[in-house]
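Sending over a structure as structure tokens; questions will come in a sec.
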Amino acid sequence: MIYKGPAPYLFLSPYLFLTALFVIVPFVNAIVLAFYETNGPRSRAFVGLDNFRFLFQDANFHAALLNTTIFALVSVCVQLPLAMGLALLLNGSGSRVRSIFRLIFFSPNLVGQVLVGILFSVLFTPRYGLIPRGLQELLHRGLEAQWLTDPRLIMPAIVMASLWLWVGFNMVYFLAALQTVDKSLEEAARIDGASAWQVFWHVTLPSMRHVVVFVVIMTVIGSYQLFELPLTLLSESYGYGAKNAGLTLITYLNYNGFRTGDLGLGSAVGWVIALIIFTISLIQIRFARLTED
Amino acid sequence: MSLIDKYPYGKAPFALLVIAIVSVGLRIATARRHADRPDLVVVTHTDAHYAAYRKAIPRFEQEHGVKVQLQLVNWASLQARVQNAVLAGTETPDLAEMFESTLGTFTRGPAEDFGVMDLTDRLHRDGLYDRIVESRFSLWSARGRIYALPHDVHPLMLAYRTDLVAKLGIDVSQLDTWDKFVEVGQRITRDADGDKVLDHYMIDLRFDGAWSLDALMWQRGGQFFDAQGNVAFATEDTAELIRWYILQVHGPHKIAFDCGWGQSVGKAMTDGLVVFQWAPDWRSWVFEDEVPSLKGKMALMPLPAWKPGGRRTSVWGGTGLMIMKGTKNPELAWELAKFLYFDGRDQGQRFLATNIIPVLKDAWNLPELERPNPYWSNLPIGRMYAALAPETPAVYSSPVEAQARINLDLAYARSIDHFLKHGEAGLMEVIRANLAEGAAAVRRYADREHKLRVATR
């Protein structure tokens, strides 16, 4: 049925108005701003491509890009296999056990990054925190490890906190996908003599490929937007951490855009991040299509 | 036929329409009328200040026949909100109390964009300038003008447990230079029980530099920026300090441990893990509040000097009261600022409530500052801090101050890498190079700010 008259447009107008106000206008403004140096919205000076030039010459930006990329790689290579492993474990258990553990593993995600950051900053306290004490008991070392002030340990600390936060979240996606896999295919493979690994690799994983691609893309995007967790863990150094070891792209953007009020440089960083995420996502989607073919 | 059936676009749009109408109706019905804005709004970020001002403000209201609203806001939110309001030109409080190092965020770009009032002439006009410790104006100055009233001086001393010091055989009166301090520190920082874990450390020093490196740099006369705003931390003296600091925190004969912040500091003190803690006046009150079990066992001593007869203190922290340019009552705001910070009737009581000595030099004769403090082994800590206050070093502000702090710590951290691989061989050259690189990075940020200033003049 096709409606005629102004009514459909009237219903659409709030959405269109809000989208224009909060998406299109800021989007265009962000493009323009990237070519200005600003002191907030009050005063600005046209600088052409200087913001981008400054970024690409700034050692802090290089550190932020490197740290964020390392975090994204670790997220994909460690976090997702762990999430998949947990999902496989739970998939084989009874529904009641599955529900309980699903809630347990998912629950860290309910409290948010800030609370997890505060919690882990206590857990990492040298000498007195649970993690240094646990390491001392188990390995007879690590009691005085400075997880949040030693540049060598800052990224591992962020990764550990993020694993606790997000493994359960991604596990839920994988678990849901596993439950849609055709059991008869797996059964047939087993009858044909396939090992558990072969069944997983050749039957289960391809059957849930779309979910895996989605989770990988979302994880990479999420990783490049990492902000609250390192900022809370490293709050005393503006989220930079010793030797810039905890500096991420969004922390860099936040510092330059909002702490100093240079929204122009902030916009330029935003566009670089958007470009990186867009490129990586495109590659992933292409790669997924190739493997499908 | 019901209304829902008569509606031509289906049930779901009808439900949405009803929800929209009900929501708007409820919003209008429950909207509270905004009370009239008081004559002045003042915002602070600390509980102690809030309590003190709440007590004092009714007297100001009565004396001036005005209404003042006092707000308590978390310091980080306060800075972000006020900064954003200033930049966006929206409503700001009339007066806002800020932490040190925040002035730079308000003094970027052309001077007419500053969201805070220039108080220089008023300070001179009312004879306050000469009554305040001069070094404290540096925190709140930009381009030669003063933009906030300093609240405090925050001289730095070392806190220690008298029983622990006696047990370890430390004669505190002999620790008048850092060389002697390190010598004693190397003697007591050891693993006496053979469990491969050190039993005591001499002092709490940040592993990543941060405030303890900054405070030591200021004690030696170093600065992030000079009075003209030029980057000034890449000096031979700072390089020497970084070398010294690396040895104390990472060296084979290290004497320092990073206790972190909050509860872990209290635990380290109660356990006797670290003998000396940093104690500016405000933190002496924090210890009283957070580690009450050590009452009567604690004492304070001036910092050891870098050279015999040298400066025995430094500075850590600072709060200032800014009058925002957006205020409609600048003179009344100035009167309130003076009343809150310098009214003689409250200075003594405020010291007793916070241990923070007043910034006014003539208030240091108050009897409350002479009073023995039972927590600190009955030492007259007010007098002790006041005696050091004139020596506190200046700390100059800059719009790129945070970058300077980040880059000093970066130079230190990079130098540690060299030390861990090669020891002291070539260390000074590496530190000098790292400092120069850090200073260049800060200058790049400063140049951007300068260009903006020129372009928008």
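The values are calculated or read from the model by the stated rules, or taken from the named source; none is laboratory data. Please read these numbers as outputs of a predicted model, since none were measured by experiment. Here Cβ is always computed from backbone atoms with ideal geometry, including for glycine, and neighbour counts include all displayed protein chains. For accessibility, only protein heavy atoms count, side chains too; no ligands or nucleic acids. Shrake-Rupley method; radii C 1.70, N 1.55, O 1.52, S 1.80 Å.
If B:GLY423 satisfies every condition in (1) at positive phi; (2) open to solvent by 70 Å² or more (accessible area, probe 1.4 Å); (3) not aliphatic (A, V, I, L, M) but one, which is the exception?
If we test B:GLY423 against (1) at positive phi; (2) open to solvent by 70 Å² or more (accessible area, probe 1.4 Å); (3) not aliphatic (A, V, I, L, M), just (2) comes out false.
Can you find, within region A:85-107, the residue that is nearest to A:TRP201 (Cα to Cα) among those that are open to solvent by 20 Å² or more (accessible area, probe 1.4 Å) and aliphatic (A, V, I, L, M)?
Ranking the candidates gives A:LEU88 first.
Open to solvent by less than 40 Å² (accessible area, probe 1.4 Å), away from chain B (no Cβ under 14 Å) and of a type in the set (Gly, Ala, Ser), is that true of A:GLY168?
yes
Same structure again: Mind checking which pairs have a first residue in region A:206-227 that is part of a helix (DSSP H, G or I) and a second that is open to solvent by less than 10 Å² (accessible area, probe 1.4 Å) and of a type in the set (Ser, Thr, Tyr), Cβ under 8 Å, 6 or more apart or different chains?
Filtered contacts from region A:206-227: A:THR219/A:SER75; A:VAL220/A:SER75; A:GLY222/A:SER75; A:SER223/A:THR68; A:SER223/A:SER75; A:TYR224/A:THR68.
Is at least one residue of region A:69-89 at pLDDT below 95 and in contact with an Asp or Glu (Cβ under 9 Å, 6 or more places away or on another chain)?
No, because not a single residue in region A:69-89 is at pLDDT below 95 and in contact with an Asp or Glu (Cβ under 9 Å, 6 or more places away or on another chain).
So, one more: In region B:185-200, which residue that is aliphatic (A, V, I, L, M) and more than 16 Å from A:GLU144 (Cα to Cα) is farthest from the chain's Cα centre (by Cα)?
Within region B:185-200, the match that is farthest from the chain's Cα centre (by Cα) is B:ALA192.
Also, I was wondering about something else. Does B:ASP199 meet the test of being within 14 Å of another protein chain (Cβ to nearest Cβ), loosely packed, with under 15 Cβ neighbours inside 10 Å and assigned to a loop (DSSP other than H, G, I, E, B)?
no
Criterion first (over 18 Å from A:ALA176 (Cβ atoms), more than 14 Å from every other protein chain (Cβ to nearest Cβ) and not aliphatic (A, V, I, L, M)) does A:PRO108 satisfy it?
Considered against the rule, which asks whether it is over 18 Å from A:ALA176 (Cβ atoms), more than 14 Å from every other protein chain (Cβ to nearest Cβ) and not aliphatic (A, V, I, L, M), A:PRO108 comes out as yes.
Evaluate the following for B:ALA363: is it over 20 Å from B:SER212 (Cβ atoms), surrounded by fewer than 24 Cβ atoms within 10 Å (Cβ to Cβ) and in contact with a strand residue (DSSP E or B) (Cβ under 6 Å, 6 or more places away or on another chain)?
No; evaluated as a whole, the condition is false for this residue.
Over 30 Å from A:ILE118 (Cα atoms), free of Cβ contacts under 8 Å to residues at least 40 places away in the same chain and over 17 Å from the mean Cα position of the chain (by Cα): does that describe A:VAL181?
Against the criterion (over 30 Å from A:ILE118 (Cα atoms), free of Cβ contacts under 8 Å to residues at least 40 places away in the same chain and over 17 Å from the mean Cα position of the chain (by Cα)), A:VAL181 qualifies.
Now, a different point. Determine whether region A:205-224 contains at least one residue that is buried (at least 17 other Cβ atoms within 10 Å of the Cβ) and in contact with a Pro (Cβ under 7 Å, 6 or more places away or on another chain).
No - not one qualifying residue is present in region A:205-224.
Then there is this: Every residue in region B:387-416 that is open to solvent by 50 Å² or more (accessible area, probe 1.4 Å) and part of a helix (DSSP H, G or I), please.
B:ALA387, B:PRO390, B:GLU391, B:ARG414
When you go through A:GLU292, A:GLU187, A:GLU228 one by one, which is the residue that is open to solvent by 40 Å² or more (accessible area, probe 1.4 Å) and within 30 Å of B:ALA85 (Cα to Cα)?
A:GLU228
Identify the residue in region B:2-41 that is touching a residue at least 12 places away in the same chain (Cβ under 8 Å) and touching a helix residue (DSSP H, G or I) at 6+ places or on another chain (Cβ under 8 Å) and, among all such residues, is most open to solvent (accessible area, probe 1.4 Å).
Looking at residues that are touching a residue at least 12 places away in the same chain (Cβ under 8 Å) and touching a helix residue (DSSP H, G or I) at 6+ places or on another chain (Cβ under 8 Å), I get B:ASP39.
Of the conditions (1) out of contact with any strand residue (DSSP E or B) (no Cβ under 7 Å at 6 or more places or on another chain); (2) closer than 30 Å to B:MET217 by Cα; (3) open to solvent by 20 Å² or more (accessible area, probe 1.4 Å), B:MET384 fails just one. Which one is it?
(1)
Moving on. Which numbered condition trips up A:ALA20, out of (1) within 29 Å of A:THR219 (Cβ to Cβ); (2) open to solvent by less than 70 Å² (accessible area, probe 1.4 Å); (3) more than 14 Å from chain B (Cβ to nearest Cβ); (4) not acidic (Asp, Glu)?
Among (1) within 29 Å of A:THR219 (Cβ to Cβ); (2) open to solvent by less than 70 Å² (accessible area, probe 1.4 Å); (3) more than 14 Å from chain B (Cβ to nearest Cβ); (4) not acidic (Asp, Glu), A:ALA20 violates only (1).
How many residues are surrounded by 19 or more Cβ atoms within 10 Å (Cβ to Cβ) and assigned to a loop (DSSP other than H, G, I, E, B) when one looks only at region B:243-253?
Qualifying residue count, region B:243-253: 0.
Note down all Cβ pairs under 6 Å where the first residue falls in region B:326-354 and is under 19 Å from B:GLU61 (Cβ atoms), the second is outside any helix (DSSP H, G or I) and of a type in the set (Ser, Thr, Tyr), and they're at least six residues apart or on different chains.
Pairs that qualify, where the first residue is under 19 Å from B:GLU61 (Cβ atoms) and the partner is outside any helix (DSSP H, G or I) and of a type in the set (Ser, Thr, Tyr), are B:ALA333/B:THR327.
A follow-up question, please. Return yes when B:SER77 is open to solvent by 20 Å² or more (accessible area, probe 1.4 Å), within 14 Å of chain A (Cβ to nearest Cβ) and of a type in the set (S, T, N, Q) and no when it is not.
Here the answer is yes, as B:SER77 does meet what is asked.
Using the structure shown, decide if B:THR456 is β-branched (Val, Ile, Thr) and under 30 Å from B:ASP289 (Cα atoms).
No: the conditions fail for B:THR456.
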